[in-house]
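Here's the structure, in structure tokens; my notes come after.
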Amino acid sequence: MNPHEKEAGLNRASVARQPTRAMARRPPGPRGNLLKGNLSQFQRDPLGCMTRWARQYGDVVAIRFVNVRGCILNHPDLVESVLARNYTQFKKGRALQMTRRIFGNGLLTSEGDFWLRQRRLVQPAFHKGRIDAYGKVMVDFTTQMLNEWRDGQTLDLHEAMMHLTLRIVAKTLFDTEVAEEANEVAEAVQIFMEKFVGLRSLIRRLIPESFPTPSNVRYARSVRNLDQIIYRIIRRRRESGVDAGDLLSLLLDAQDDEGRRMTDVQLRDEVLTLYLAGHETTAVTLTWMLYLLSSHPEVEAKLMNELKSVLRGHTPEVQDLRQLVYTDRIVKESMRLYPPAYVVGREALKDFKIGGYEIAAGTQVLMSQWVIQRDPRFFPDPGGFNPDRWTEEFTRQLPKYAYFPFGGGPRQCVGNSFAMMEAVLVLATIAQRFHVTFPPGRVLEPNPTFTLRPKTCPRVELRKR
């Protein structure tokens, strides 16, 4: 059990309760350094800090990063208030605002009427009938990967999952395998992670991007390379006029109420957002799932029984999804314990009241999936891996925002159905043919970067079924 899982084992009595007195001006919170506030503590161990602070101070916790005021909300009702009921009173948090150089003004970062217009243009591309057509691509590419695996072989699992999901998103988004650009994309993603996360990320962000530090030079080059790839694909598709049946074709044809289509810049921003976010988050989910299965043989045994009963030897298909109930529960439970997006941020546009406290305009509001999805008030044995918990009865009584791996409200991840389908189909395809074994006693530590990647992923051993 890693330190964060120990933190998750809070009993009900240890969770601070909200005060019942009159409205307080400021929530309680940890004392910090005079200059840095709570920044150093948070950067060293964000998951541990958020968990400890929830236990010590309750459902609304005040924090400070240098001169930036923040608060952490630790109850589903409060999360719902910010993400759903009062979402117009907030904008995306500062961390995401700093990623505009790579994501532009896409769905992840845009605001207001522009975001609403883009959301309406992009949403039809993820209609259920449309994404069902991509199920075969997901299974076919996974099968191609497995055909290269050998009994007794060792490999870097996270790297393999990143390569697989990159191929899938490239095919479904662009109708191309982008093999020749795969290394450039992988390099750009890694440079992006280095710039925006980790102990040195604050210093990197404080230095203007125009200043030619080695980090800034590498980052600018990687973004230029990505731009060239994306604009080249858009230009070729416009010139051909072909509907390739992919997401790009739908985005090119999409029109708003006034008959306007997206410009190349808007297409670039949306495509790059879907491209990078789509493959990164699913690869992280698959890595954690296979890790959890390798250390829980009883869960893997139940999974194999379902696959044998439902699939009867054939590879998974979209029409099998309804019957792959236990497989779906494994995905849900994995994303509860190791959510790829482990914290959601918003910035208050004006003063507001929440949980018995007054919060000032400009406050950075954090809501952590890691903390709430491991809260014993909502999940018995919160640190345990138990897919069986996801019964219909349990799901009905669970507060809506006690489980929100894809965010929530109007700005919920547009590709959530795509991601869930991919995770179930890929997991079923891999598990049907191979057992993945991690080194005995090796515990994967989460590394809260832009997503919740494993800190280090050892080489795993493959065993053919």
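The values are calculated or read from the model by the stated rules, or taken from the named source; none is laboratory data. Everything numeric in this text was worked out from a predicted model, so none of it was measured. Note: ideal-geometry Cβ built from the backbone for every residue, glycine included; neighbour counts use all protein chains shown. Keep in mind that these areas ignore ligands, DNA and RNA; they rest on the heavy atoms of the full protein, side chains included. Shrake-Rupley method; radii C 1.70, N 1.55, O 1.52, S 1.80 Å.
Measure out, as a whole number of angstrom, how far apart the alpha-carbon centroids of the stretch 393-432 and the stretch 265-312 sit. Cα centroid of the stretch 393-432 versus Cα centroid of the stretch 265-312: 11 Å apart. Can you figure out the FRET efficiency of Leu155 with Tyr231, using R₀ = 25 Å and their beta-carbon distance, to the nearest 0.05? After rounding to 0.05, the efficiency reads 0.15.
Quick check of the Kirkwood formula: for the chain, what is the inverse mean of 1/r over all pairs of different Cα atoms, in Å?
Working: mean 1/r = 0.0429 Å⁻¹.
Hydrodynamic radius (Kirkwood, Cα only) of the chain equals 23.3 Å.
A convex hull fitted around the alpha carbon atoms of the stretch 394-436 yields 109 Å³ per residue. Among the protein heavy atoms of the stretch 257-358, carbon and sulfur supply 48% of the accessible surface, probe 1.4 Å, non-protein parts ignored. Projecting each Cα onto the charge dipole of the chain (Lys/Arg +1, Asp/Glu -1 at the beta carbon, about the Cα centre), which of Val61, Gly93, Gly104 comes out farthest on the positive side? The residue sitting farthest along the positive end of the dipole is Val61. Cα-based values for the stretch 331-465, radius of gyration first and Dmax second, are 17.9, 59 Å. The heavy atoms of Arg465 offer some 120 square angstrom of accessible surface to a 1.4 angstrom probe.
The eigenvalues of the Cα gyration tensor, multiplied by 5 and square-rooted, give the stretch 213-254 an equivalent ellipsoid with semi-axes of 30, 9, 6 Å from largest to smallest.
The radius of gyration of the Cα set in the stretch 385-465, together with its Dmax, comes out at 16.3, 44 angstrom.
About its Cα centre, the dipole of the stretch 221-281 is roughly 460 debye, where the only charges are +1 on Lys and Arg Cβ and -1 on Asp and Glu Cβ. The alpha carbon convex hull volume per residue for the stretch 264-381 rounds to 171 Å³. About the centre of its Cα atoms, the chain shows a dipole size close to 1660 debye [charges on the beta carbon of Lys, Arg (+1) and Asp, Glu (-1) only; nearest 20 debye].
Each Lys and Arg adds +1 at its Cβ and each Asp and Glu adds -1 at its Cβ; summed about the Cα centre, the stretch 258-380 shows a dipole of about 280 debye.
In the chain, a dipole from Cβ-located charges (positive for Lys and Arg, negative for Asp and Glu) runs towards its positive end, and of Cys71, Ala301, Phe404 it is Cys71 whose Cα lies farthest in that direction. Rolling a 1.4 Å probe across the protein heavy atoms gives the chain an accessible surface of 45 Å² per residue. Considering helices alone, the calculated mean residue ellipticity of the chain at 222 nm is -15000 deg cm²/dmol, with DSSP H runs of length four and up weighted by -39500 (n - 2.57) and normalised per residue. Per-atom-type breakdown for the stretch 82-170 gives carbon and sulfur 53% of the accessible area (1.4 Å probe, protein chains only). Of the solvent-accessible surface of the stretch 368-457, computed with a 1.4 Å probe over protein heavy atoms with every protein chain present, carbon and sulfur atoms account for 53 percent. Ranking Pro382, Pro439, Ala283 by how far each Cα lies toward the positive end of the dipole of the chain (charges on Cβ) leaves Pro382 at the top. Checked against a 27 Å cut-off, the cross-linked pairs Lys92/Lys171; Lys302/Lys332; Lys128/Lys171 give Cα-Cα distances beyond that limit for Lys92/Lys171.
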